[in-house]
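Structure first, commentary second.
Each value in this text was obtained by applying a stated rule to the coordinates, not by laboratory testing. Owing to the predicted nature of the structure, the values given are computational and were not obtained by experimental measurement. Note: ideal-geometry Cβ built from the backbone for every residue, glycine included; neighbour counts use all protein chains shown.
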Amino acid sequence: MSVTTFKKAQAVSQSENKAQKQTQGKIVIAVDGPSASGKGTLARKMAERLGYAYLDTGALYRAVALATLELGGDPAKFKDVEPALEIVKNNLTPELLENEALRSYEVSEAASRIAALPQVRIGLLEYQRDFARNPPGDVGGAVLDGRDIGTIVCPDADVKFFVTASAEERSRRRFEELKNSRPNLTQEKVLEDIQQRDQRDSNRKAAPSIAAADACIIDTTKLTSDEVLEEVVNLVRSRFLTESDISPSEG
Ligand code: DC
């Protein structure tokens, strides 16, 4: 893969950015894109390679969705979602966000509905911004992945990626993940659901899922996650890190 994969490159020189790192401290990397585009894997691995903190913001919405379902509430009604939102905000831990139950089909559907509620988005905003400003641990920066990181949560992020892939390829990937736990599911049904969820996520009034004007767009339809990872890590390093920031073992 070459840099030409990125449809848009940011017009900021390396020297400007190195100076910016020295004066402003932590680097913030925004990774947005639709579900099953590969953005989560990319963001997580990028954070690992760069030694940055990582936040999966979709897990915040999923946690509120799961709590709403557990309380017997309707994910489309804020009055039902509000108690769940408070519970999640008061109990946010890395373990909570890693809970396997957040990945279920039902929670995905419910999360897409609660994410359309403006009060929920506002309720989760400060936690995300705070994470970006003060990432946990002694790290040089933070990688946040979601739908509105580059547009709403961190509009001043140092680098923004928008990761996408065709709906067919995304439904193929999601079907592979789900087929063992849901034997009756077909790939056609997954495609239909992904298309409906895309519609909801990109057409909602509150923070629709769209690429920021200054985002680098990465289409992963025909790329492996390792190919994409190498390219983005090199891009971030060339912009922000001096030789002394890169440990020899990282190559
Ligand atoms: O990335 P994900 O599939 O785990 O996200 C779950 C849902 O939350 C999805 O419907 C989109 C929504 N979401 C959002 O609206 N804004 C974010 N920053 C992250 C996720």
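Overall, the chain carries a charge dipole of about 480 debye about its Cα centre when +1 sits on the Cβ of Lys and Arg and -1 on the Cβ of Asp and Glu, all other atoms neutral. Of the trypsin sites (Lys or Arg not before Pro) in the stretch 69-144, the ones in a loop by DSSP (not H, G, I, E or B) with at most 14 other beta carbons within 10 Å are Lys77. For the stretch 3-239, rounded, prolate or oblate, judged on the Cα gyration tensor with a ≥ b ≥ c (square roots of eigenvalues), a/c < 1.5 rounded, else prolate if a/b > b/c? Because a/c hits 1.5 or more and a/b fails to exceed b/c, the stretch 3-239 counts as oblate. Which entries in the list Lys77/Lys205; Lys179/Lys222; Lys39/Lys160 go over 20 Å, if you measure between the two C-alpha atoms of each? From Lys77/Lys205; Lys179/Lys222; Lys39/Lys160, over 20 Å: Lys179/Lys222. For the stretch 3-239, the relative contact order works out to 35 percent when only alpha carbon pairs closer than 8 Å and six or more residues apart are counted. Axis of helix 39-50 versus longest Cα principal axis of the chain: the two differ by about 40°, to the nearest ten degrees.
Just Asn134, Asn99, Asn184 to compare: in a GNM of the chain, with alpha carbon springs under 10 Å, which one fluctuates most? The residue that fluctuates most here is Asn184. Seen against the Cα atoms of the chain and their longest principal axis, helix 187-203 is set at about 70 degrees. Think of the chain as a dipole: +1 on every Lys or Arg Cβ, -1 on every Asp or Glu Cβ, centred on the Cα centre; then among Leu102, Asn90, Ser166, Ser166 lies furthest on the positive end. Note on the stretch 3-239: dipole from Cβ charges, positive end direction compared against Phe175, Ile152, Ala59; the farthest Cα belongs to Ile152.
Could you estimate the translational diffusion coefficient of the stretch 47-132 from the Stokes-Einstein equation, with Rh from the Kirkwood formula over C-alpha pairs, at 10 °C and 1.306 mPa s, in whole µm²/s? After rounding, the answer is 122 µm²/s.
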